[in-house]
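Novice: Before we start, here is the structure in question, set down as structure tokens.
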Amino acid sequence: MDKNKIEELVAKYNEGLADPAEIFTLEQLIEEGQVDLTQLRELKALDDRMVAVDHGSPSLSTDDQFYAMLASEKKKQVGFSFQWPSWNILAPRLALASLTLILGFAAGFWLKSPNQVSEVSALTQEVSDLKEMMMLSLLEKESASDRLRAVSLTGEMGNVSANVTDALFKTLNNDPSVNVRLAALEALVPFASQGSVREGLIRSIASQDSPIIQLNLAELMAALQEKKSVSELQKLVDSNQTPREIKEKIKKSIEVLI
Amino acid sequence: MGKVRDGDLDKLGLLFERYKRPLYGFFYGMNKDQELSDDLVQNTFFRILKYRHLFRGEGDFKTWMFHIARNVSHDHFRKTKIKVKEAVEKWEDRLGHNENQAMDMQLADEHQMLAIAMEKLSDEKREILLLSKYQEKKYKEIGEILGCTEGAVKVKVFRALQELKAVYQQLERRM
């Protein structure tokens, strides 16, 4: 419908002369946005009057109830403040966190130099050296418990130097405390595969006066199948100093070895 | 409202102060009961608080609020069943029954007469006119509330105003 006809129709409606068919057309034009409701004079006047009507405002008790409800909700929120943040807030934060993580990994991968590998092994060696030093100095202490700690430190070392095994033998052969000597013997067991350690253990048999150490050594020799130790063990059997029960047990070990 | 949703509940106080009057006006326009309108305003804000996490922040708050307000109003009348559905075409019959009431209003001013005319309309027509008033003629937003197009809202407003005019003129003649 052209503009003039629309204006004519609106004018006719405003005069109150529009018939039902024309009102129906008018509705269609309103729906399509070709006629604005403000163009319909009487309806606009009525609408304006309706808008001007004041329906008042809620009572003060509504205000009180609302603020009491809000306060109670805030109290609940303080009691349990966790709530999932909305996706709008969470998404960029998650993206940033993931990106930082990926960049961190990438930077770590690309910036890793071959020197770092050798640096790590150098550090490991330093730590091992420090432990060794600590162990040697603890072995010099008067307190038996300090010396026990020193002996147990060897358990934390992977490869030990000759200094350590020498110190352990020195302890096994000379320490005044039987417990420390026994601990030293146990500490030496893992290194018994080394020839020098096995020989040291055989030599140590003769210098032991404690029956418990003698017995442990004899059992260790049997377990290691160390035939070279038979003569040393036999000396213990022949000795008058060795208690009879120990002699019997050593004899059994000798039998195993022979 | 976005801040309320994210935990800043103090901001709901500001929204309440800003919108309590139009909301009350909408309810009062629908039911003409001050106490009930107070309760419905309270219930609407209770639901806003309870379902604040559902506010997506895409449309404006007022549209969302009136959407909830409609539901609150409908739920209330569904529960209490005090509202008698009135056939749109039978408003003239009701005029006859309330003749005395209309006569009593002889000295009433235009606003009062308009209020009476509004009461004669069906719930649907009264609601569309009140939404048009309190949503400040934002027909697109009203369409979102009612679930129809902007054009359909305009036609509904047109029909409601036409009927309001007819009732109003009839009341004028009777006075």
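Novice: Can you give me the C-alpha center-to-center distance between region A:41-63 and region A:91-142, rounded to a whole angstrom?
Specialist: Region A:41-63 and region A:91-142 have Cα centres spaced 75 Å from each other.
Novice: Also, quick follow-up: Relative contact order for region B:2-80: what percent, with Cα pairs under 8 Å and sequence separation of 6 or more?
Specialist: Contact order relative to length: 33 percent.
Novice: Right, another one. Evaluate Rg over Rh across region A:193-258, taking Cα atoms for both radii and Kirkwood's formula for Rh. Present the calculation step by step, with values, prior to reporting the outcome.
Specialist: On the way: Rg = 10.6 Å, Rh = 11.5 Å.
My calculation puts Rg/Rh at 0.93.
Novice: If you don't mind, there's one more thing I want to ask. So which of B:LYS11/B:LYS138; A:LYS12/B:LYS20; B:LYS50/B:LYS133; B:LYS62/B:LYS156; B:LYS62/B:LYS154 end up more than 31 Å apart by C-alpha?
Specialist: Over 31 Å Cα-Cα: A:LYS12/B:LYS20.
Novice: Something else about it: Averaged across the residues of A:58-69, what count of C-beta atoms belonging to other chains lies within 10 Å of each residue's C-beta?
Specialist: Per residue, the average neighbour count from other chains is 6.
Novice: In region A:135-221, which GluC sites (Glu not before Pro) are in a loop and have at most 13 other Cβ atoms within 10 Å, using DSSP for the loop call?
Specialist: Working: sites: A:GLU140, A:GLU142, A:GLU156, A:GLU186, A:GLU199, A:GLU219; in loops: A:GLU140, A:GLU142.
Here the GluC sites (Glu not before Pro) that fit, given the DSSP loop and packing criteria, are A:GLU140, A:GLU142.
Novice: Provide a whole-number value for the mean count of partner chain Cβ atoms within 10 Å of the Cβ atoms in peptide B:43-53.
Specialist: That works out to 2 on average.
Novice: Based on the alpha-carbon gyration tensor of region A:1-102 and its eigenvalue square roots a ≥ b ≥ c, which shape applies: rounded if a/c is under 1.5, prolate if not and a/b is larger than b/c, or oblate? Could you put the intermediate results ahead of the total?
Specialist: Numbers: a/c = 6.09, a/b = 1.88, b/c = 3.23.
It comes out oblate by the Cα gyration axes.
Novice: On full extension of the chain, what length is gained from A:ALA11 through A:GLU156, given 0.36 nm per residue of separation minus the C-alpha to C-alpha distance? Please list the in-between numbers first.
Specialist: Working: separation 145, 0.36 × 145 = 52.20 nm, distance 10.39 nm.
Extra length available between A:ALA11 and A:GLU156 comes to 41.8 nm.
Novice: Within a 10 angstrom radius of each residue's Cβ in B:143-156, how many Cβ atoms of other chains show up on average? Whole number is fine.
Specialist: That works out to 2 on average.
Novice: A further question follows. Could you tell me the calculated FRET efficiency between A:ILE23 and B:GLU150, based on Cβ-Cβ distance and R0 = 22 angstrom, to the nearest 0.05? Before the final figure, lay out the partial values.
Specialist: Working: r = 20 Å, r/R0 = 0.92.
Using R0 = 22 Å, I get an efficiency of 0.60.
Novice: Here's another thing I want to ask about it. Region A:145-219 to region B:1-73: how many Å between their Cα centroids?
Specialist: About 84 Å separates the Cα centre of region A:145-219 from the one of region B:1-73.
Novice: May I have the extent of the alpha carbons of region A:107-174 along their three principal axes, as whole Å values ordered from largest to smallest?
Specialist: 55, 21, 15
Novice: If one takes the longest principal axis of the Cα atoms in chain A, at what angle in degrees, from 0 to 90 and to the nearest 10, does the Cα axis of helix A:211-224 lie?
Specialist: 70
Novice: Points 7 angstrom from Cα along the Cβ direction at A:LEU101 and A:LYS228: gap in nanometres?
Specialist: With each label placed 7 Å out from Cα toward Cβ, I get 5.8 nm.
Novice: Using label points projected 7 Å from each Cα along Cα→Cβ, tell me how many nm separate A:LYS252 and A:GLN125, to one decimal.
Specialist: 4.8
Novice: Per Stokes-Einstein, at 37 °C and 0.692 mPa s, what whole-number D in µm² s⁻¹ belongs to chain A, with the Kirkwood radius over Cα pairs as the hydrodynamic radius?
Specialist: 113
Novice: A follow-up question, please. Would region A:3-44 count as rounded, prolate or oblate if I go by the C-alpha gyration tensor, calling it rounded below 1.5 in a/c and otherwise prolate when a/b exceeds b/c, oblate otherwise?
Specialist: Rounded is the answer for region A:3-44, as its axis ratio a/c remains below 1.5.
Novice: In whole Å, what are the Cα extents of the protein assembly as shown along the three principal axes, biggest one first?
Specialist: 144, 49, 37
Novice: Given a 1.4 Å probe and every protein chain left where it sits, what share in percent of the accessible area of region A:115-191 is carbon and sulfur? List each step's numbers first, then the result.
Specialist: Details: 2490 of 4530 Å².
On region A:115-191, the fraction of accessible area on carbon and sulfur atoms equals 55 percent.
Novice: With a 1.4 Å probe and all protein chains left in place, how much accessible area per residue does chain A have, in Å²?
Specialist: 64
Novice: Quick one: give the max-minus-min coordinate of the C-alpha atoms of region B:14-62 along each principal axis, largest first, in Å.
Specialist: 33, 19, 18
Novice: Could you pull out every one of the aspartates and glutamates with an alpha carbon less than 20 Å from that of A:LYS74, ignoring same-chain neighbours closer than 8 positions?
Specialist: A:ASP63, A:ASP64, B:ASP6, B:ASP8, B:ASP10, B:GLU17
Novice: Nearest 100 Å², what total accessible surface is buried between chain B and chain A (probe 1.4 Å)?
Specialist: Approximately 4100 Å² gets buried when B meets A.
The values are calculated or read from the model by the stated rules, or taken from the named source; none is laboratory data. Please read all numbers here as calculations on a predicted model, not as lab measurements. Cβ atoms come from the backbone with ideal geometry, glycine included; neighbour counts cover every protein chain shown. When the accessible area is computed, the model is the full protein with side chains, heavy atoms only, and any ligands, DNA or RNA have been set aside. Shrake-Rupley method; radii C 1.70, N 1.55, O 1.52, S 1.80 Å.
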